[in-house]
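**Student:** Below is one structure. I have some questions about it.
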Amino acid sequence: MNSSTPSSSAAGAGSADSTVARRNSKRPKYSRFTQQELPACKPILTPKWVISTFLLVSIVFIPIGVVSLFASQDVVEIIDRYESDCIPIGSRNDKVGFIQSSEDKTCNRTLRVPKNMKQPIYVYYQLDNFYQNHRRYVKSRSDQQLRNRGSETNTDACKPEDAVGNNLPIVPCGLIAWSLFNDTYRFTHKNQNLTINKRGISWKSDRDRKFGKEVYPKNFQIGTLIGGARLDTSKPLSEQEDLIVWMRTAALPTFRKLYGKIEKDLQEGDVIHVTLQNNYNTYSFNGKKKLVLSTSSWLGGKNDFIGIAYLTATWRSIIFVMEPKSRRSLMLSVETVQVDTALFLS
């Protein structure tokens, strides 16, 4: 009886030690998930299976690529670069000085319609070498101020365009709003003005959620340095669609923004006279300005990339299928590696 007592004590101490060890261990509790023992599909890519897959991809991608290319080719675009031509010859050695002066900046341009253009015809302005995606530029805005009338003093993120005079808040504040594009366009066709519809050019979600119906411009563009266009103080920000379009910053240095829509058909050979005000300063950073008139298709604007991408993928698939012998050894080696890996994991 006495001899069994120490052994039981030792067993109790050992079990207690093991319990403490398990409690202090970082090893997760056993489960099929943590031990990667769940059922899994482990396909082995044989050459026949791979070739069949590539053939199927080719059959599907060819019509998609062709249809996408045809849709893009149906889009008619007129692109007119004007930032250099709209500077008087005598001022072309000092373009920045001219654009910052009070001289008349009216410029007349002539556009010829290459193909029939069905309404609506979208009018864009395109800027090159303008980095709207710069970190400090993107952050220079106050979303709360844009939404709520009571938050007009919330301008901490808008410096240096946050206030004027005796700390009077600028609404809307920030560099994005301050640099609002201010070139204007007027179109004439057969001695008649073409009306530009500027309603509905911005995202409805932006108008409804990001720009308040009771927020009006205040102290905007009244400082010593004017960045761009002025705003109508009698309209709330939710109705200032040029501003709403501009405030949705672009991801790339070359971008287009919607200026308006022409709701009239134009025929091939028609001549459009454009009277524009060349106000926006892109000369300080060697930027370019272009006026773009474009129709659209079910795929959107003119964009050959999607069709080319599908056809390129098809071409690569066909090349692979046409060279099965040169690829077979590679596929067999891949199969062997996968089999070894599957055996190792099992």
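All of the numbers you see were taken from the coordinates with simple rules; none came from a lab. Everything numeric in this text was worked out from a predicted model, so none of it was measured. Glycine also receives a Cβ, built like all others from the backbone with ideal geometry; neighbour counts cover every protein chain displayed.
**Student:** I'd like the Karplus ³J(HN,Hα) series for segment 283-298: coefficients 6.51, -1.76, 1.60, θ = phi - 60°, whole numbers in Hz, and an x wherever there's a Gly or Pro.
**Tutor:** 7, 5, 10, 6, x, 10, 10, 9, 9, 10, 10, 8, 8, 9, 10, 5
**Student:** Evaluate the charge dipole of segment 193-314 about its Cα centre and quote only its size in Debye, nearest 20, assuming +1 on the Cβ of each Lys and Arg and -1 on the Cβ of each Asp and Glu.
**Tutor:** Dipole size: approximately 400 debye.
**Student:** Output wanted: per-residue J couplings in Hz (rounded whole) for segment 119-131, from phi through Karplus 6.51 cos²θ - 1.76 cosθ + 1.60, θ = phi - 60°, x for Gly and Pro.
**Tutor:** With coefficients 6.51, -1.76 and 1.60, one gets 5, x, 9, 8, 9, 10, 10, 10, 10, 10, 6, 10, 8 Hz.
**Student:** Moving on to the next point. Using the charge dipole of segment 76-295 (Lys, Arg: +1 at Cβ; Asp, Glu: -1 at Cβ; taken about the Cα centre), state which of Gly228, Ala163, Tyr216 has its Cα farthest towards the positive end.
**Tutor:** Checking the options against the dipole of segment 76-295, the answer is Tyr216.
**Student:** With +1 assigned to the C-beta of every Lys and Arg and -1 to the C-beta of every Asp and Glu, and no other charges, what is the dipole magnitude of the chain about the Cα centre in debye, to the nearest 20?
**Tutor:** 760
**Student:** Taking Cα extents along the principal axes in Å straight from the coordinates, which label in [x] 115, 67, 40; [y] 55, 45, 39; [z] 61, 41, 36 is the correct one?
**Tutor:** Looking at Cα extents along the principal axes in Å for this model, the match is [x].
**Student:** OK, next. So which chymotrypsin sites (Phe, Trp or Tyr not before Pro) in segment 138-240 end up in coil per DSSP with only 16 or fewer other C-beta atoms within 10 Å?
**Tutor:** Trp203
**Student:** Using only Cα atoms and rounding to the nearest 10 degrees, what angle (0 to 90) does helix 324-345 make with the longest principal axis of the chain?
**Tutor:** So the inclination is approximately 50 degrees.
**Student:** For the chain, which cysteines have no disulfide-compatible partner, meaning no other cysteine Cβ under 4.7 Å?
**Tutor:** Lone cysteines by the Cβ rule: Cys41.
**Student:** Please arrange Ser84, Ser68 by counting, for each residue, the other beta carbons lying within 10 Å of its beta carbon, fewest first.
**Tutor:** Sorted ascending by nearby Cβ count, the order is Ser84, Ser68.
**Student:** How far, in degrees from 0 to 90, does helix 47-73 lean away from the longest principal axis of the Cα atoms of the chain, to the nearest 10?
**Tutor:** Taking Cα atoms only, the helix is inclined about 10 degrees.
**Student:** Mind checking which of Ser84, Pro28, His134 is farthest towards the positive end of the chain's charge dipole, using Cβ charges of +1 (Lys, Arg) and -1 (Asp, Glu) about the Cα centre?
**Tutor:** Toward the positive end, the furthest listed residue is Pro28.
**Student:** Pull up all non-local amide H partners of Lys218: gap of 5 or more, or a different chain, and H-to-H distance under 5 Å with H placed in the peptide plane.
**Tutor:** Residues meeting the criterion, in which the H sits 1.01 Å from N, are Val171.
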